[in-house]
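Have a look at the structure below, then the notes.
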Amino acid sequence: PQTIYLKDYTPFGFTVESVELTFRLAPHATRVLSKIRFAPNPEATDRTFFLHGEDLRLISARIDGREVNPELSDRGLTCAVPERAFTWEAEVEIDPANNTALEGLYMSSGMYCTQCEAEGFRKITFYPDRPDVMSVFTVRIEGDLPVMLSNGNKAGQGAGWAEWHDPWPKPAYLFALVAGDLVNHPDSFTTGSGRAVELNIWVRPGDLHKCAFGMEALKRSMTWDEEVYGREYDLDIFNIVAVDDFNMGAMENNGLNIFNSSAVLASPETATDANFERIEAIIAHEYFHNWTGNRITCRDWFQLCLKEGLTVFRDAQFTSDVRSAPVKRIGDVMDLRGRQFPEDNGPLSHPVRPESFQEINNFYTATVYEKGAEVIGMLKRLVGEEAYYKAVELYFERHDGDAATIEDWLKVFEDTTGRDLGQFKRWYSQSGTPRLTVEEAWEPGETGAEGVPASRPPSRDLAAEQGASDDSKGSQGAPDQVRGAAREQASGGAAPTGGGTYTLTFRQETRPTPGQEEKLPQVIPIAVGLLGPNGAEVRPTEVLEMTQAEQSFRFTGLATKPVPSILRDFSAPVVLDRSLTSTENAFLLAHDTDPFNRWEAGRNLARATLLDMATGDARPDGDYLDGLTAVLRDRGLDPALRAQMLALPTQSEIAQMQHDRGQTPDPEAIYTAHETLKLRMAEHLQDLLPVLYAENQIEAPYRPDADQASKRDLSTAVLGLLSRIDGGAQAAQQYARADNMTLQLSALAGLLIAGKGEAELEAFQQQWKDDRLVMDKWFGLQVSHAAPARAAEVAERLTRHPDFTLTNPNRFRAVLGALGMNHAGFHHGSGKGYALVADKLIALDAKNPQTTARMCALFQTWRRYDASRQAHARAALERIAATPGLSRDTTEMVTRMLA
Ligand code: HT7
Ligand code: ZN
């Protein structure tokens with residue numbers, strides 16, 4: 001397969017002035033007529049007229065009305081064209097009903113729908129299918145279907161036809177069409193400048209009761225983007241459509257967002273609190289793309305993080321504003337560590353802006369999205385809140401209507417702040433997770449605390465020996481909300497001052513990653529606060545700007561040796577390699593004013609305990625259990641935060657830590673340690689658990705808001721532990737009275753934890769057999785709760801269930817994805833987990849390469865394990881690689897993992 005390089009970018013030889021498309025819909029023989037006005041592009045030198053096109057049957061082609069005979073290949077066509085503007089017309093035939101790849105125009109549950117990002121439009125008609133070719137589209141849809149939608153505003157409709165016109169020039173990847181027997185949940189929104197916008201969520205008739213929450217989330221997102229970023233919606237209508245068969249979460253097509261049903265449909269009876277929160281975030285994400293992605297798009301696919309990193313960052317800001325900021329931050333960091341860190345430190349490692357690819361669909365990754373968002377967060381921290389919004393304003397002003405690059409993005413920050421972001425740019429080009437080590441030094445003042453006048457505030461210098469002593473740099477980052485709160489709490493008592501100096505010396509190192517042996521120092525914003533020995537904060541958070549491989553920062557004027565709280569709010573996507581004693585962690589768990597680091601301290605204790613337990617028969621650390629008890633008792637703490645404190649590091653996180661320390665993880669031992677620790681926790685907390693459970697029951701009718709969800713989060717976490725010591729009694733009671741899916745599912749999980757639940761599983765199936773989204777939960781739950789030795793067997797049995805199908809990615813992920821996430825089950829010593837996943841991926845690849853390739857990543861950590869497991873995993877990967885006719889997508893993934 002061909003490799004495409006960022007460095008080879010050249011503009012297309014022609015501009016596209018307008019696009020007119022006519023669709024004559026028929027399941028197996030849809031005709032697509034295109035009329036495209038091309039003109040020579042003055043900015044290009046290469047005038048080769050190549051149009052992408054795949055799986056198309058060309059019926060006819062004309063230039064300026066005259067029949068032409070283009071040269072066809074399996075990737076597209078070339079044709080001789082005039083050296084002036086001309087009109088290209090083509091008619092092609094496609095087969096949506098047989099399109100199981102879910103790219104281009106396909107059918108799902110009887111409706112037509114499209115997915116064009118990244119390169120799906122070329123399966124609809126011949127076109128320069130690249131993001132820097134933008135044009136105005138007019139679309140006519142002909143067919144015998146009640147609802148026929150496309151991008152932009154409605155231009156007309158009659159019996160058997162509808163016309164749409166999108167006034168905003170867009171690349172082909174944002175084209176969309178939907179047609180089917182759909183019903184709508186309507187609403188409206190008035191923009192800040194007073195324009196009325198018609199809003200609709202379109203669904204299959206039986207799903208109309210599941211739209212209300214999504215609609216409210218949409219309106220909240222529209223308001224938020226106006227208030228926070230000053231961005232108004234720009235069309236007369238905004239349509240969302242729910243589709244059952246969909247490769248990812250949702251797609252931001254101009255004015256016609258298409259959603260995986262799981263990312264928009266929700267009712268209290270069928271969706272959990274986590275589902276509601278995810279829906280709110282995805283609706284916001286797709287809506288925010290209207291400006292960061294659509295109005296300003298990407299010059300080429302290497303710039304994907306320009307729209308995705310920024311939009312993930314924006315949706316996280318939104319969630320933090322409408323829910324709890326610390327809970328959101330902790331959740332995002334867990335996700336980053338669980339998905340992005342293994343990617344960044346394994347065979348699939350690539351920079352936030354990759355420099356080459358074979359199949360772009362393989363680069364919609366945690367690195368591009370989540371690390372890409374972290375990079376924006378660091379930029380904001382470094383330049384400060386005010387400068388950040390000023391720079392983004394300039395970005396919108398300067399680049400509206402452009403297909404832009406990361407260089408354009410960084411330039412607006414350089415122009416507004418006067419900073420040189422040359423070194424910062426390494427975050428975009430250097431792969432791998434930097435590892436930060438820290439050493440501390442304390443020099444007491446000669447006369448101790450009393451020697452310094454109280455009027456002299458403690459201060460911090462950049463150590464002189466580093467040659468850079470611009471003290472203002474470290475305080476450029478304006479406090480964000482979390483740090484503001486920390487400062488307020490600290491002001492309860494005057495900070496004791498003295499003559500002591502405290503020095504933190506950091507070292508950064510990034511290990512080699514595929515294709516990058518040498519790493520250069522990166523700019524790392526390290527948010528630090530200092531606590532006094534009694535737990536009071538003596539220095540509020542400030543952002544230290546590390547730019548060198550090794551760098552010291554000095555804090556002067558301190559009365560006593562402080563306890564540092566480092567990398568507050570997870571201020572950079574790095575591994576902080578700092579071995580604290582359990583007493584120090586317990587101190588931070590009890591006193592840190594930064595909610596993230598307080599959680600992290602508890603997490604450190606849990607990690608240390610699990611590592612000990614996985615390598616010997618050590619007992620749980622007493623400091624951990626006592627600290628946890630104190631936190632759980634603290635009624636002033638958000639219940640959701642307490643639930644996060646109660647959650648253990650995942651088994652794969654422990655495996656990752658062992659691997660980082662040069663040990664070979666044993667999944668069985670880690671599983672046993674995990675199970676044992678949960679049991680010990682339940683025993684230790686046995687008096688408190690029923691109290692917490694009772695305190696967090698809700699009498700009021702179900703609402704998916706943060707207040708209620710937070711209480712249910714804690715009662716769910718508590719029930720999980722309780723089920724280990726009460727034989728599932730509480731879970732059985734909860735199951736019997738549950739009137740919403742959050743309670744029903746957590747009760748079912750509790751029963752499975754207690755080794756019960758057979759009857760309830762059957763009842764659940766009977767109750768929900770007609771609801772695909774709920775049945776996905778039923779499939780997934782059984783696999784994720786299966787004991788390691790049985791997980792592959794359970795998954796295999798479920799793949800023989802009559803409702804299992806390869807054509808629905810949600811169902812495939814529910815079973816095989818859940819097996820991949822069952823750490824000890826997937827990595828079971830028998831190799832059965834690997835073999836089953838390989839079998840199913842081989843079968844899926846023939847139908848849906850995109851989902852197959854994404855799910856191949858389950859194997860990315862295979863080299864961490866022992867020789868026998870490695871042999872099983874290698875055999876599975878080699879079997880996939882050797883499959884005749886394997887897709888380009890999957891070939892690239894397995895090749896990278898086997899390299
Ligand atoms: N921009 C979209 C990314 C995407 C996608 C979505 C659905 C199906 C296939 C897809 N390929 C790429 C989604 C987003 O980031 O918002
Ligand atoms: Zn996105």
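The values are calculated or read from the model by the stated rules, or taken from the named source; none is laboratory data. Everything numeric in this text was worked out from a predicted model, so none of it was measured. Cβ placement follows ideal geometry from the backbone for every residue including glycine, while neighbour counts extend to all protein chains displayed.
From 280, 286, which residue is within 14 Å of ligand 1 (Cβ to nearest atom) and surrounded by 24 or more Cβ atoms within 10 Å (Cβ to Cβ)? Outline the logic, then answer.
Working: 280 fails: within 14 Å of ligand 1 (Cβ to nearest atom).
Of 280, 286, the one residue that is within 14 Å of ligand 1 (Cβ to nearest atom) and surrounded by 24 or more Cβ atoms within 10 Å (Cβ to Cβ) is 286.
I'm trying to understand the selection: among the residues of segment 40-51, which are outside any loop (DSSP other than H, G, I, E, B) and without any contact (Cβ under 8 Å) to a residue 60 or more places away in the chain? Matches in segment 40-51: 40 only.
In this entry, residue 280 is excluded by the filter for residues that are out of contact with any helix residue (DSSP H, G or I) (no Cβ under 7 Å at 6 or more places or on another chain), outside the structural domain of residue 408 (by TED's automatic domain parsing) and of a type in the set (Asp, Glu).
Counting only residues that are of a type outside the set (A, V, I, L, M) and either within 13 Å of ligand 2 (Cβ to nearest atom) or touching a Leu at 6+ places or on another chain (Cβ under 6 Å) (or both), segment 273-300 holds 12 of them.
Take the conditions (1) at pLDDT 95 or above; (2) buried (at least 18 other Cβ atoms within 10 Å of the Cβ); (3) in a loop (DSSP other than H, G, I, E, B); residue 445 misses just one of them, which is (1). Summed over segment 152-186, the residues that are without any contact (Cβ under 8 Å) to a residue 60 or more places away in the chain and part of a loop (DSSP other than H, G, I, E, B) give a count of 2. Going through (1) out of contact with any helix residue (DSSP H, G or I) (no Cβ under 7 Å at 6 or more places or on another chain); (2) in contact (Cβ under 8 Å) with a residue 60 or more places away in the chain; (3) not in a loop (DSSP other than H, G, I, E, B) one by one, residue 411 falls short only on (2). Within segment 391-402, identify whether any single residue is surrounded by 19 or more Cβ atoms within 10 Å (Cβ to Cβ), within 16 Å of ligand 1 (Cβ to nearest atom) and in a helix (DSSP H, G or I), and answer yes or no. No, because not a single residue in segment 391-402 is surrounded by 19 or more Cβ atoms within 10 Å (Cβ to Cβ), within 16 Å of ligand 1 (Cβ to nearest atom) and in a helix (DSSP H, G or I).
Of all residues in segment 645-675, count the ones that are outside any helix (DSSP H, G or I) and of a type outside the set (S, T, N, Q).
Looking only at that region, the number is 7.
Against the conditions (1) under 24 Å from residue 327 (Cβ atoms); (2) away from ligand 2 (no atom under 16 Å from the Cβ); (3) in contact (Cβ under 8 Å) with a residue 12 or more places away in the chain; (4) surrounded by fewer than 21 Cβ atoms within 10 Å (Cβ to Cβ), residue 229 satisfies every one except (2). Only residues that are farther than 21 Å from residue 241 by Cα and near ligand 1 (Cβ under 10 Å from one of its atoms) were counted across segment 289-300, and they come to 0.
Taking residue 220, is it within 16 Å of ligand 2 (Cβ to nearest atom), closer than 24 Å to residue 329 by Cβ and in contact with a helix residue (DSSP H, G or I) (Cβ under 7 Å, 6 or more places away or on another chain)? Taking the combined requirement at face value, the residue does not satisfy it.
The residues of segment 90-114 that are within 16 Å of residue 847 (Cα to Cα), small (Gly, Ala, Ser) and free of Cβ contacts under 8 Å to residues at least 60 places away in the same chain amount to a single one, 104.
Scanning segment 244-263 for residues that are of a type in the set (A, V, I, L, M) and either free of Cβ contacts under 8 Å to residues at least 12 places away in the same chain or away from ligand 2 (no atom under 15 Å from the Cβ) (or both) yields one hit, 256. Number of residues in segment 28-39 that are farther than 14 Å from residue 16 by Cα and assigned to a strand (DSSP E or B) equals 4. Of the residues in segment 418-425, none is away from ligand 1 (no atom under 16 Å from the Cβ) and assigned to a helix (DSSP H, G or I).
Scan segment 117-136 and give yes if some residue there is within 16 Å of ligand 1 (Cβ to nearest atom), closer than 30 Å to residue 68 by Cβ and among the aromatic types (Phe, Trp, Tyr), otherwise no. Checking segment 117-136: at least one residue is within 16 Å of ligand 1 (Cβ to nearest atom), closer than 30 Å to residue 68 by Cβ and among the aromatic types (Phe, Trp, Tyr).
Output yes when any residue across segment 338-353 is crowded, with 22+ Cβ neighbours inside 10 Å, part of a helix (DSSP H, G or I) and within 15 Å of ligand 2 (Cβ to nearest atom), and no when none is. No: segment 338-353 contains no residue that is crowded, with 22+ Cβ neighbours inside 10 Å, part of a helix (DSSP H, G or I) and within 15 Å of ligand 2 (Cβ to nearest atom). Being at pLDDT 95 or above and either farther than 20 Å from residue 100 by Cα or not in a loop (DSSP other than H, G, I, E, B) (or both) is the requirement here; does residue 819 meet it? Answer is yes for this residue. State whether one or more residues within segment 315-329 are within 18 Å of residue 772 (Cα to Cα), within 15 Å of ligand 1 (Cβ to nearest atom) and not in a loop (DSSP other than H, G, I, E, B). No; the residues of segment 315-329 include none that is within 18 Å of residue 772 (Cα to Cα), within 15 Å of ligand 1 (Cβ to nearest atom) and not in a loop (DSSP other than H, G, I, E, B).
Kindly indicate the residue of segment 341-373 that is of a type in the set (Asp, Glu) and within 16 Å of ligand 1 (Cβ to nearest atom) and also farthest from residue 857 (Cα to Cα) among those meeting that condition. The qualifying residue farthest from residue 857 (Cα to Cα) is 370. Against the numbered list (1) crowded, with 24+ Cβ neighbours inside 10 Å; (2) under 21 Å from residue 311 (Cβ atoms), residue 215 comes up short only at (1).
Against the numbered list (1) surrounded by 14 or more Cβ atoms within 10 Å (Cβ to Cβ); (2) part of a strand (DSSP E or B), residue 12 comes up short only at (2).
Of all residues in segment 301-325, those satisfying the criterion of being under 19 Å from residue 171 (Cβ atoms) and within 10 Å of ligand 2 (Cβ to nearest atom) are 304, 307, 308, 309, 310, 311.
Under the condition of being within 22 Å of residue 8 (Cβ to Cβ) and either free of Cβ contacts under 8 Å to residues at least 12 places away in the same chain or of a type in the set (Lys, Arg) (or both), the residues counted in segment 298-357 number 3. Taking the residues in segment 232-271 that are away from ligand 1 (no atom under 11 Å from the Cβ) and of a type in the set (Asp, Glu) as candidates, determine which candidate is surrounded by the most Cβ atoms within 10 Å (Cβ to Cβ). That would be 244. The single condition among (1) of a type outside the set (Ser, Thr, Tyr); (2) surrounded by fewer than 17 Cβ atoms within 10 Å (Cβ to Cβ); (3) over 17 Å from residue 129 (Cβ atoms) that residue 44 does not satisfy is (3). Taken as a whole, segment 104-117 holds at least one residue that is more than 16 Å from ligand 2 (Cβ to nearest atom), closer than 25 Å to residue 404 by Cβ and either assigned by TED's automatic domain parsing to the domain that holds residue 405 or in contact with a strand residue (DSSP E or B) (Cβ under 7 Å, 6 or more places away or on another chain) (or both).
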